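The values are calculated or read from the model by the stated rules, or taken from the named source; none is laboratory data. Note that the structure is predicted; figures quoted are calculated from it, not measured. Cβ placement follows ideal geometry from the backbone for every residue including glycine, while neighbour counts extend to all protein chains displayed.
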Amino acid sequence: MRAVADQRGSGIAIDEYTIRGAAELPATLAAITQAKPDALIVDNEPFLASKAADIAAAGLPAISGGREFAVAPARRLRRQHLRGPSPHRRSYIDRILKGAQPADLPIEQPTTFKLIINLKTARALGLTIPPSILARADEVIE
């Protein structure tokens, strides 16, 4: 997870938090909450997705890679659409298992993205989502 906070005149500062297991999650969330970042960027990891409700309890706006965060009872505003191993990930796995060196593989980007807006959460944050953004959303959670 990464916590994002504005710094005077320098744009954006990013602090990275590593969680190696479930036992570390409460202390990490406490540290994040104490740091009072403006938002979270939650990596698209199965473990973090399984702990979406716990992470949401920190009460911070977040961008994440899974629908779990958009529907969690918290402040989730958008996500990147990645379900299971994507075709490019399966391709990487296949090539590595056949002997390719990971460093020699080209960088590939996801091609499908979905925008999910949780209006209840946005309202709780005091945010107004412009109609033009709502019109672009793939899903709006009331």
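Data for the structure
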item	result
Which listed residue, of Leu77, Leu48, is modelled with pLDDT of 80 or more and of a type outside the set (Lys, Arg)	Leu48
Qualifying residues in the range 94-142 (those that are surrounded by 14 or more Cβ atoms within 10 Å (Cβ to Cβ) and not aliphatic (A, V, I, L, M)) - the one farthest from Phe69 (Cα to Cα)	Arg95
Residue ID - farthest from Thr121 (Cα to Cα), chosen from residues in the range 27-49 that are in contact (Cβ under 8 Å) with a residue 12 or more places away in the chain, assigned to a helix (DSSP H, G or I) and not hydrophobic (A, V, I, L, M, F, W, C)	Thr28
